[in-house]
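**Student:** One structure follows; several queries about it will come next.
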Amino acid sequence: MKRIISYLLLVLLVAFAFWRIYRPVRLWEAVRPMMDTVVTVKLCAKDSSTAQNLLRGAFEEMERIDRMMDSYSSTSEVAVIDSMAGKGWVSITPDMERVLKRSQYFSELSGGAFDITVGPVKELWRFDSPNPTIPLPGQLVPALTLVGYQNIQLEAGRVRLLEPKMKLDLGGAAKGYAVDCAVEFLKKRGAKSGLVDAGGDVRLWGKKPYGGEWQVAIRHPREREKLIRVGKIGLSAVATSGDYERFFIKNGKRYHHILDPHTGYPARGCVSATVWTRTATDADILATAVFVLGPEKGMELVERLDDVEALIFFEKDGRLEYVASQGMKDKLSGL
């Protein structure tokens with residue numbers, strides 16, 4: 001009898017060891033309001049304790065980036081840089097340096113369609129207040145003189161804004177960068193697959209728990225309940241800029257928050273621009289740049305770049321139309 005009991009205990013211990021090693025992974029998910037949107041993190045893990053630690057760490061990483069790059073906080077790193085505009089150099093963190101470098105690169109590439117110095121103009125519109133306003137020309141003209149990515153000087157570990165009263169607005173890059181930081185955090189800590197979605201700025205990696213591919217559907221810009229499904233294109237990040245995200249209607253005209261840095265008014269060429277690429281930072285920035293450039297020039301920019309695809313909606317003669325990059329044309333359904 002003792003031998004039988006010992007044998008059964010051994011079998012149970014071996015079975016438990018095998019279960020610990022080979023137990024199937026599960027999909028875990030958490031959702032939080034953050035960065036003026038809703039953030040969803042999904043990841044694959046074998047147990048609740050591991051999953052909860054990873055989820056908590058991913059949100060903490062995104063909160064860290066949000067605190068650093070929040071244009072509306074008086075204690076953010078952006079606020080410190082703004083306070084020294086026209087005065088001198090400011091030491092910056094590696095995260096800030098990476099975002100500023102990438103922003104400058106795409107500002108140059110897009111001819112200023114993306115410009116993080118649009119802060120003084122954006123302040124006049126007050127899109128984040130309950131009562132946004134249309135600035136008067138007398139207000140816009142002086143504010144536009146402060147817009148110009150060329151007036152940012154960036155060196156290793158420091159930056160300076162050349163003109164007094166310049167203000168940075170990292171709203172077109174910070175959210176994507178926060179997504180990238182969360183994904184890199186999860187990957188370094190052993191998460192083999194997952195997805196981070198910050199209000200449509202999405203990056204994914206690996207495969208679903210049972211081997212399937214992650215898929216991202218795009219909401220139709222005018223029929224919000226309608227989804228546009230996208231086939232496999234081999235790019236891990238996607239972001240959308242649209243005139244329906246933050247806007248108000250006055251005298252029958254839509255005024256949205258994606259401003260053309262050259263005019264100070266909402267860009268009018270597109271209804272939405274969705275961009276796929278390798279990182280959420282690049283997708284976030286390029287979605288804004290393409291939207292401002294309009295369907296023709298925006299698609300020209302996309303087709304010049306490696307590992308970038310796009311879907312652009314625009315209005316023509318009262319009808320909603322779209323144009324897709326070469327790599328997207330046979331990957332769309334539900335249009």
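The values are calculated or read from the model by the stated rules, or taken from the named source; none is laboratory data. Note that the structure is a prediction, hence the values are computed from the model and not measured. Backbone-built Cβ (ideal geometry, glycine too); neighbour counts: all protein chains shown.
**Student:** Being in a loop (DSSP other than H, G, I, E, B) and either touching a Ser or Thr at 6+ places or on another chain (Cβ under 7 Å) or at positive phi (or both) is the filter here, so list the residues in the range 216-242 that pass it.
**Tutor:** 221, 234, 235
**Student:** I'm trying to understand the selection: among the residues of the range 65-84, which are part of a helix (DSSP H, G or I) and either touching a strand residue (DSSP E or B) at 6+ places or on another chain (Cβ under 8 Å) or in contact (Cβ under 8 Å) with a residue 12 or more places away in the chain (or both)?
**Tutor:** Within the range 65-84, 65, 66, 68, 69, 77, 78, 80, 81, 82 qualify.
**Student:** Against the condition farther than 29 Å from residue 316 by Cα, over 16 Å from the mean Cα position of the chain (by Cα) and not assigned by TED's automatic domain parsing to the domain that holds residue 130, how does residue 194 come out, does it pass?
**Tutor:** So residue 194 passes the test.
**Student:** Also, I was wondering about something else. Could you tell me which residue of the range 291-335 is farthest from residue 242 (Cα to Cα), considering only residues that are part of a helix (DSSP H, G or I) and charged (D, E, K, R)?
**Tutor:** 304
**Student:** Further question: Kindly provide the set of residues from the range 296-319 that are within 20 Å of residue 220 (Cβ to Cβ), in contact with an Asp or Glu (Cβ under 9 Å, 6 or more places away or on another chain) and surrounded by fewer than 22 Cβ atoms within 10 Å (Cβ to Cβ), ordered by number.
**Tutor:** 314, 315 - these are the residues of the range 296-319 that are within 20 Å of residue 220 (Cβ to Cβ), in contact with an Asp or Glu (Cβ under 9 Å, 6 or more places away or on another chain) and surrounded by fewer than 22 Cβ atoms within 10 Å (Cβ to Cβ).
Okay, residues lined up against (1) at pLDDT 95 or above; (2) surrounded by fewer than 24 Cβ atoms within 10 Å (Cβ to Cβ); (3) in the same structural domain as residue 311 (by TED's automatic domain parsing):
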| position | (1), (2), (3) |
| --- | --- |
| 251 | no, yes, yes |
| 254 | no, yes, yes |
| 264 | yes, yes, yes |
| 272 | yes, no, yes |
| 286 | yes, no, yes |
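**Student:** Within the bounds of the range 277-290, is there any residue that is touching a strand residue (DSSP E or B) at 6+ places or on another chain (Cβ under 6 Å), charged (D, E, K, R) and part of a helix (DSSP H, G or I)?
**Tutor:** Checked the range 277-290: at least one residue is touching a strand residue (DSSP E or B) at 6+ places or on another chain (Cβ under 6 Å), charged (D, E, K, R) and part of a helix (DSSP H, G or I).
**Student:** Right, another one. Does residue 95 fit the bill of being charged (D, E, K, R), under 30 Å from residue 302 (Cβ atoms), modelled with pLDDT of 95 or more and not in a loop (DSSP other than H, G, I, E, B)?
**Tutor:** It is true that residue 95 is charged (D, E, K, R), under 30 Å from residue 302 (Cβ atoms), modelled with pLDDT of 95 or more and not in a loop (DSSP other than H, G, I, E, B).
**Student:** What about residue 188, is it at pLDDT 95 or above, assigned by TED's automatic domain parsing to the domain that holds residue 285 and either within 25 Å of residue 68 (Cα to Cα) or hydrophobic (A, V, I, L, M, F, W, C) (or both)?
**Tutor:** In short, yes.
**Student:** Scan 176, 148 and give me the residue that is touching a Pro at 6+ places or on another chain (Cβ under 9 Å), small (Gly, Ala, Ser) and farther than 18 Å from residue 266 by Cβ.
**Tutor:** 148
**Student:** List every residue pair whose Cβ atoms sit under 7 Å apart, with the two residues 6 or more apart in sequence or on different chains, where the first one lies in the range 307-320 and is outside the structural domain of residue 285 (by TED's automatic domain parsing) and of a type in the set (A, V, I, L, M) and the second, anywhere, is modelled with pLDDT of 95 or more and part of a strand (DSSP E or B).
**Tutor:** none
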